[in-house]
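Peer 1: First the structure, which I've put down as structure tokens, then a few questions once you've had a look.
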Amino acid sequence: MKLPFLRHTNPRRIIEGGVLILLGGAILLLIPVEIQRISGMETKLSPSFLPSTVAILLILMGLALVIQGILPPRPVESKSTFTSRESTFRVLLSIVLLIVYSILFPIIGFVATSALFFFIYAYLFGMRNLIKMTGGGIAASVIVWLFFEKLFNIPLPHGVLF
Amino acid sequence: MKKGLLLLIILLVTFGMVFATGTAEKKTAAPKPTEEYPTKPIQIIVPWGAGGRTDINARMFASIAPKYLGQPVVVINKAGGGSVIGGEYVAKAKPDGYTLLAITPGTNVFPVIFKKAPYGTFDFDPIGQIGSSTMAIASKPDRPWKNVKELIEYAKKHPGQVTYACVPLKAPQLGFLRWADKAGLQFKFVPVGNDAEAVEAALGGHVDIAMTSSVATIISHVNAKKLNALMVFSEKRDTHLPDTPTAVELGYNVVASPFTGIAGPKGLPPNVLKKLRDVFAKVMKDPDFIKIMKRIGESIDPKIGDDFLAVWKNDYEGYSEIVKKMGLLK
Amino acid sequence: MLTHLVPAAQLFFTIQNLLIVSLGLFIGITIGAIPGLNVPMTVALLLPITFYMQPIAGISLLLGVYKGGTYGGSISAILINTPGAPAAAATCMDGYPLARQGKAGKALRASIYGSVIGEFISDIVLITIAAQIAAIALKFGPTEKFSLVFFALCTIGVVSSEDKIKGLSAALFGIFIRTIGSDPITGSSRFTFGIFNLIGGIPFLPHLIGLFAVSEFFIQIERKVSSSKKDIVAPVSKNREDNIVTWKEFKANIKTIIRSTLIGIGIGALPGSGSAISAFVSYGAAKNSSKEPEKFGKGSLEGVFAAETGNNAVTGGALIPLLTLGIPGDAITAIMLGVFLVHGLVPGPDLFVKSANIIYAIFIGLIVANILHFFIASIGLRLFTKLLSISRAILFPIVIMICVAGSYTVNSNIFDVYVMIFFGVLGYIMKKFNFPVAPLMMGYILGSLLETSLVQTMILSNGSVLPIFTRPISLLFVILTVFFVIWSLFIQRKSRANKI
């Protein structure tokens, strides 16, 4: 048994609205801590004016989303965009890998790290052709390196390998 | 099985990381004293984005210096943190003469005064000043003053009503305040993002005075009688504006012209420092260099070694004083 | 003017100059099309080379790069939903859906036609009535700029998604992101959490690369390629109709093209705004006056025409304040100012008197560049559509590699790569929850202008905000904003009613 008005509820929209409210709230809470005040500059508008306005408007937007989620008529359909659990896992893994990549390349060197991660990412995409995966990675990273260092004279880190 | 392979990859990567950090430490262990210098390319770090004034000056220097240095000079932009990131990088770099800094007061004076830099003004070894740009104030001809004397009179009668636009908390605003303080005048400050915006606001009649850090932005308007150049803040009159008096001539001891130069991390070996200063002096006399700097409106005013240090000192003290006096820093 | 044309033409028409303009266009298009590389940096790097060239050759090279780069961003925007330049963010909204329908060729051609025509008209305006336009642009003081920015932000928030609340929220969040760092007026730190790298604010390019390119990479990696058959980004239709813009389609879009061109010139002539705003405002204007507004965002050719004409028309417009006042309108023209100075051409009122021959030679160069742009882009089109036939498993790992290298090299700072990853993840989450990312970028771009112009207005009026409603140009934008928001709600309701 559901209450009649709940028939229209769109939980996803309520969550999205909630996140916006939290975001606005967090900004408001941070303002006194994170905004340093320099005296002596008369500006008519304090440095915390814009962030507070933005935060309050964000909260209002969040409330609007929540209200839209509860009340009929149903707003624009949110498409269900989440795919399988497996793809979510793949995305999470690729985020972690990207972080590892960016930590590693200044240490090991751009070309070697990039070739390695090209291989890993191609594998994640489902590529199983070993020749394409290694050859493609080495070729691409060497071209990128040539482009930046030889053509544009901007050094990329070389690290211990290359 | 697939997950097993992924796990293996992650493990491999982690091992690689540990291995790499281990060897990296070993590599940087023993620096040997530099006898011959330079034996490899030299980097000049520009703590601002590519294409700005500092960047162009550094690139011009880098294009001529190899002639006298015998090694290539590479310019690297390391912007971020309002130039503090690049400044810190050089301040903490190994003082071997292979990492130099394109230095302006924006890197070693203002962030230090406003306590936003993890280094001090004098944590660098000065090599030389390339030049300084002339700061100037200008107004539209339709204002009730035609020159700086009339402006002073008008401002005395209308305290806090005459508006001036310039970049806040850097050479333009602080230089202007130093002058206004000495002249006992009060103006209304309108902050803008860069020199061009200040000139634009004055041309459009939205503010009364534009204060720019370089006369290059106003010369053309002055020539076309769209703006009146009122006063410059350099030691001597600017060659482009021979009729415009300096603040010093009018009896206000304010010399505020942002310098551009080359510096290295503190503690450069004497032979390296000597070589760099010699090369610097030669570049400053190079006809190609002089020609191109003239054209971009930069006045070459070489000050080598301790003379350059004196400029830093003058800037640091002058600006610290006004910042304290105006209560700009908590 | 005519007396200068003959000597100017003699100055410009050399084999060398023609080759250099073509080279500039080629470099610009390539750099613009590759996500992770950017045009301002390229212009800055080419700068020292141009110092040693003849003035006309050097300036033409950079103008070629500027034009090519502004257009090039649309290629990756259409093909892989990743704008290579901020100006192309609006192109994604309809260009990518068209590509998914197999009509990549059509979208790319529309982008070429729109860009070239927009550029051409704006160049003509520059050559003929630059001084008059500059005089009008100077009337825009802080108050007018504030209203314009406010108008632009509302437009962008409203048009970039079906869901207007989400679009506006994204724009608001972008403004917040911009407040991180030192406050532009008092210099006080905001939300820096004690991190030195944040004192100068969030770096723009890593933020842009993350938001668009990296987030798209995460979207792509959701779907594996099947090992048996080739999995590509988007199939290209074999049907000839789908790969060209027919005369009928072109004729139907002439109004959009003209409107977008005018918006582009106007916005370009105002220093400090830029091509991304123009693209979005043109897009919004096109949507609001379209016969089929419901098609926008789902593959409307009109949308591609509006965005691409709008952003390329800025190139001529932005040269107006640069040449007549010496005031650069955006990052690229700021660098170009240096080139003019190096060659002894001081932009400003007396430029047209003192160096008339060289300036008219450069004008001829602009027009010639337009014509060459058309041909080079048409040749490039064949090449770039080939990209679509590369397996996603190869294409996207390369994209991510360039993104990392591109973010790192902007400032040689590893922190920027972390910023890129952060915005990549943020962009991905936003896309998953149907929050458009383009308004966030625009909020970031316009946030500081919004704040400084408001502060300036209040200082000049002794603390009052009344001038926003009493100054005529400013009031016009306020009314436009209200009208625009109400009108787009109205057409949305109408189109929804039509569906039912």
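The values are calculated or read from the model by the stated rules, or taken from the named source; none is laboratory data. The model shown is predicted, which means the values in this text are computed figures rather than measured ones. A quick note on method: Cβ atoms are made from the backbone with ideal geometry, for glycine too, and the neighbour counts reach across all protein chains shown.
Peer 1: Quick one: which of B:A210, B:A229, B:A202, B:A180 is in a helix (DSSP H, G or I) and closer than 21 Å to C:L341 by Cβ?
Peer 2: Numbers: B:A210 fails: in a helix (DSSP H, G or I); B:A229 fails: in a helix (DSSP H, G or I); B:A180 fails: closer than 21 Å to C:L341 by Cβ.
Among B:A210, B:A229, B:A202, B:A180, only B:A202 is in a helix (DSSP H, G or I) and closer than 21 Å to C:L341 by Cβ.
Peer 1: Going through segment C:337-366 one residue at a time, which ones are within 9 Å of chain B (Cβ to nearest Cβ) and closer than 23 Å to C:I121 by Cα?
Peer 2: Scanning segment C:337-366 gives C:L337, C:P347, C:G348, C:P349, C:L351.
Peer 1: To continue, here is another question. Need the failing condition index for C:G463 against (1) out of contact with any Ser or Thr (no Cβ under 9 Å at 6 or more places or on another chain); (2) part of a helix (DSSP H, G or I), just the number.
Peer 2: Among (1) out of contact with any Ser or Thr (no Cβ under 9 Å at 6 or more places or on another chain); (2) part of a helix (DSSP H, G or I), C:G463 violates only (2).
Peer 1: Let me spell it out: the conditions are (1) free of Cβ contacts under 8 Å to residues at least 12 places away in the same chain; (2) of a type outside the set (D, E); (3) closer than 30 Å to C:F396 by Cβ, and C:L19 meets all of them except one. Which number is the exception?
Peer 2: The single condition C:L19 does not satisfy is (3).
Peer 1: Among the residues of segment B:176-211, write down those that are more than 8 Å from chain C (Cβ to nearest Cβ) and under 19 Å from B:G82 (Cα atoms).
Peer 2: B:N194, B:D195
Peer 1: Checking C:Y283 against (1) out of contact with any helix residue (DSSP H, G or I) (no Cβ under 7 Å at 6 or more places or on another chain); (2) closer than 25 Å to C:L450 by Cα, which test does it fail?
Peer 2: The one condition C:Y283 does not meet is (1).
Peer 1: Let me ask you something else. In segment B:97-113, how many residues are crowded, with 20+ Cβ neighbours inside 10 Å and over 16 Å from the mean Cα position of the chain (by Cα)?
Peer 2: 1
Peer 1: Return the only residue of A:P51, A:P75, A:P106 being touching a helix residue (DSSP H, G or I) at 6+ places or on another chain (Cβ under 9 Å) and modelled with pLDDT under 90.
Peer 2: A:P75
Peer 1: Go through segment C:116-230 and tell me which helices (runs of 4 or more DSSP H), entirely inside it, have 3 or more residues that are surrounded by 21 or more Cβ atoms within 10 Å (Cβ to Cβ) and within 11 Å of another protein chain (Cβ to nearest Cβ).
Peer 2: It comes to C:142-159, C:164-179, C:215-222.
Peer 1: Still on this structure, please answer the following. Could you count how many residues in segment B:213-248 are among the β-branched types (V, I, T), touching a strand residue (DSSP E or B) at 6+ places or on another chain (Cβ under 6 Å) and within 14 Å of chain C (Cβ to nearest Cβ)?
Peer 2: Count: 3.
Peer 1: I would also like to ask the following. Only one residue in B:A310, B:A263, B:A281 is within 19 Å of the chain's Cα centre (by Cα), assigned to a helix (DSSP H, G or I) and of a type in the set (A, V, I, L, M). Which one?
Peer 2: Of B:A310, B:A263, B:A281, the one residue that is within 19 Å of the chain's Cα centre (by Cα), assigned to a helix (DSSP H, G or I) and of a type in the set (A, V, I, L, M) is B:A310.
Peer 1: Let me ask something else about it. For segment C:488-498, check the following and say yes or no: at least one residue is buried (at least 16 other Cβ atoms within 10 Å of the Cβ) and either within 21 Å of A:M61 (Cβ to Cβ) or free of Cβ contacts under 8 Å to residues at least 24 places away in the same chain (or both).
Peer 2: Within segment C:488-498 (the criterion being buried (at least 16 other Cβ atoms within 10 Å of the Cβ) and either within 21 Å of A:M61 (Cβ to Cβ) or free of Cβ contacts under 8 Å to residues at least 24 places away in the same chain (or both)), the answer is yes, since at least one residue qualifies.
Peer 1: Being at pLDDT 95 or above and within 8 Å of another protein chain (Cβ to nearest Cβ): is that true of A:Y123 here?
Peer 2: Judged against the criteria, A:Y123 is not a match.
For every residue, the table says whether it meets (1) within 10 Å of chain A (Cβ to nearest Cβ); (2) buried (at least 16 other Cβ atoms within 10 Å of the Cβ); (3) out of contact with any Phe, Trp or Tyr (no Cβ under 7 Å at 6 or more places or on another chain).
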residue	(1), (2), (3)
C:V404	yes, yes, no
C:Y408	yes, yes, yes
C:F423	no, yes, yes
C:L440	no, yes, no
C:G443	yes, yes, no
C:V482	no, no, yes
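Peer 1: Something else now. If you go through segment C:43-76, how many residues are in contact with a Phe, Trp or Tyr (Cβ under 7 Å, 6 or more places away or on another chain) and free of Cβ contacts under 8 Å to residues at least 40 places away in the same chain?
Peer 2: Summing the residues that are in contact with a Phe, Trp or Tyr (Cβ under 7 Å, 6 or more places away or on another chain) and free of Cβ contacts under 8 Å to residues at least 40 places away in the same chain in segment C:43-76 gives 1.
Peer 1: If A:L116 passes every condition in (1) closer than 17 Å to C:L395 by Cβ; (2) surrounded by 21 or more Cβ atoms within 10 Å (Cβ to Cβ); (3) more than 7 Å from chain C (Cβ to nearest Cβ) but one, which one does it miss?
Peer 2: A:L116 satisfies all of (1) closer than 17 Å to C:L395 by Cβ; (2) surrounded by 21 or more Cβ atoms within 10 Å (Cβ to Cβ); (3) more than 7 Å from chain C (Cβ to nearest Cβ) except (1).
Peer 1: Which of the residues that make up segment C:428-438 are facing chain A (nearest Cβ under 10 Å) and in a helix (DSSP H, G or I)?
Peer 2: Correct list: C:Y428, C:I429, C:K431, C:K432.
Peer 1: Counting only residues that are touching a residue at least 24 places away in the same chain (Cβ under 8 Å) and in a helix (DSSP H, G or I), how many does segment A:141-162 have? Outline the logic, then answer.
Peer 2: Step one: of segment A:141-162, the residues touching a residue at least 24 places away in the same chain (Cβ under 8 Å) are A:141-142, A:144-145, A:156-162.
Right, trim to in a helix (DSSP H, G or I) and you get A:141-142, A:144-145.
Within segment A:141-162, residues that are touching a residue at least 24 places away in the same chain (Cβ under 8 Å) and in a helix (DSSP H, G or I) number 4.
Peer 1: Report, ordered by the first and then the second residue, all pairs with beta carbons closer than 6 Å, sequence separation of six or more or different chains, a first member in segment B:153-164 that is at positive phi, and a second member that is modelled with pLDDT under 95 and surrounded by 16 or more Cβ atoms within 10 Å (Cβ to Cβ).
Peer 2: Taking only residues 6 or more apart or on different chains, the pairs are B:G160/B:K188.
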